[in-house]
Amino acid sequence: MIEELVYLGLTSFLVLTIPILRKIYFSEERGVSITSERKGRYDFFDYLRGLAIIAVIVIHIGDSFYVEQSGNQVFIKLINNISRFAVPFFFISSGILLVRGNSLRQFFLNKTTRTFLPYFLITIMVGVYYNAGVLEIIRGFFAGKASLPYYFMAILLQFYLIYPFLVKYSKKKYFLHITFLITIIALFIEASWSFYGIPLFPRYLFLFAYGISQKDRFLSNSFSLGLKGKSFWIIVVLYYLFSSIYFQAYLYNVRIFYAIALFNLLFLLKDTLKNIPSYSFFCYLGRNSLWIYLIHYFIIQLIYPIAKQVSDNFYLQYLYFIVVGVPVSILLSLGFKLIYTLIVKTVKINPVK
């Protein structure tokens, strides 16, 4: 906790008290406005989600070693901390891409069928496997208790519920400043992290609010950063990496400086990244990131004991875990998605009477 106090406290103080840093961090120059009703996928967001879902798998692979305190802990912590942009990227992207539309009912219906129905079905499967009761399964859905990573789904559900309220005030002058302060305060008040076992959103609020507020900037074809902006974001990333190495702490998913800095810098490199051969592959992963997120952790748990038997050398174990764990997690997750899609199509074609 002391590492977080030093890193977050110092960075927050500088951003809030130095005008030029405050202006860059809160992106007060909004850029070119576009309509929020534009349709179609934005493939670069798929690419970012693809990077994020691979980072999620890498985090959980390292976490297997970290929990048992085996292997090179400094190495594990470094890889973990570098990868901690993952969950923030999902929250920021969700804030940018969500569109309320004219019908609030249709908005919630779409999110239920596309996101939370698969999550609910997986929660039921896990509950049945562990002989959980109906009430326990329902509680597991809202609390994200079926599997360790599912706290994210509980937070995402809360964000979708408050999205109409947030978007209503997102253009107000101090919207980002207020959500930032709420997030910082929540980070240091552990009582705000959960309520009767249900994880709460305040610690992650700024990430989601940032996406909502900066929708126009990131969806504009004229996204750019001035020299001061580029320098600031690069320094933020370097400072985060230096702090991670210096403190040797095992950091978690609330990275409100590092993730936002990396998000902006990757957007700056968008045209270059689109020319890399692996771009389409990561876009594909991004489009399927929900199912990979829902399934991968169980696969990682199954592969870990096998990886430990490969060699006594930690680096060979880790390499095997990455080389096998990542593709197997992706392939089996896509298999679950295919089965789900076929069932949904069958139900639609042949509805039960």
Can you name the condition, by its number, that LYS308 falls short on among (1) open to solvent by less than 20 Å² (accessible area, probe 1.4 Å); (2) more than 19 Å from SER93 (Cα to Cα); (3) of a type in the set (D, E, K, R)? (1)
Of (1) more than 27 Å from VAL167 (Cα to Cα); (2) without any contact (Cβ under 8 Å) to a residue 60 or more places away in the chain, TYR240 fails just (2)
Considering residues of segment 186-205 that are under 24 Å from PHE85 (Cβ atoms) and in contact with a Pro (Cβ under 9 Å, 6 or more places away or on another chain) only, the residue modelled with the lowest pLDDT: LEU187
Within the bounds of segment 46-62, is there any residue that is open to solvent by 10 Å² or more (accessible area, probe 1.4 Å) and at pLDDT below 95? no
Filter result for the condition that a residue is in a loop (DSSP other than H, G, I, E, B) and either at pLDDT below 95 or of a type outside the set (A, V, I, L, M, F, W, C) (or both), over GLY127, GLY40: GLY40
Within segment 69-126, count every residue that is under 20 Å from the mean Cα position of the chain (by Cα), open to solvent by 50 Å² or more (accessible area, probe 1.4 Å), closer than 21 Å to TYR297 by Cβ and β-branched (Val, Ile, Thr). 1
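Does VAL134 satisfy being more than 30 Å from PHE247 (Cβ to Cβ) and either within 20 Å of the chain's Cα centre (by Cα) or hydrophobic (A, V, I, L, M, F, W, C) (or both)? Don't jump to the end; show me each part of the working.
Details: more than 30 Å from PHE247 (Cβ to Cβ): yes; either within 20 Å of the chain's Cα centre (by Cα) or hydrophobic (A, V, I, L, M, F, W, C) (or both): yes.
It is true that VAL134 is more than 30 Å from PHE247 (Cβ to Cβ) and either within 20 Å of the chain's Cα centre (by Cα) or hydrophobic (A, V, I, L, M, F, W, C) (or both).
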Can you give me the number of residues within segment 7-37 that are open to solvent by 30 Å² or more (accessible area, probe 1.4 Å), polar (S, T, N, Q) and modelled with pLDDT of 90 or more? 1
Among the residues of segment 288-299, is there at least one that is open to solvent by 70 Å² or more (accessible area, probe 1.4 Å) and either of a type in the set (S, T, N, Q) or modelled with pLDDT under 95 (or both)? no
Enumeration of residues in segment 219-259 that are at pLDDT 90 or above, in contact with a helix residue (DSSP H, G or I) (Cβ under 8 Å, 6 or more places away or on another chain), among the aliphatic types (A, V, I, L, M) and open to solvent by 70 Å² or more (accessible area, probe 1.4 Å): ILE234
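Have a look at PHE175, PHE159 and point out the one that is free of Cβ contacts under 8 Å to residues at least 60 places away in the same chain and among the aromatic types (Phe, Trp, Tyr). It would help to see each step written out before you state the result.
Working: PHE159 fails: free of Cβ contacts under 8 Å to residues at least 60 places away in the same chain.
Going through PHE175, PHE159 in turn, the sole match is PHE175.
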Pick out the one residue from THR183, THR179 that is in contact with a Lys or Arg (Cβ under 8 Å, 6 or more places away or on another chain), modelled with pLDDT of 95 or more, within 16 Å of TYR25 (Cα to Cα) and open to solvent by less than 20 Å² (accessible area, probe 1.4 Å). THR183
Note on segment 183-218: residues of a type in the set (A, V, I, L, M), part of a helix (DSSP H, G or I) and more than 19 Å from the chain's Cα centre (by Cα) are ILE185, ALA191
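The values are calculated or read from the model by the stated rules, or taken from the named source; none is laboratory data. Every value quoted in this text rests on a predicted model; they were computed, and no experiment measured them. Don't worry about glycine lacking a Cβ; one is built from the backbone with ideal geometry, like all the others, and counts go over all protein chains shown. Quick note on the areas: whole protein, heavy atoms, side chains included, nothing else; ligands and nucleic acids left out. Shrake-Rupley method; radii C 1.70, N 1.55, O 1.52, S 1.80 Å.
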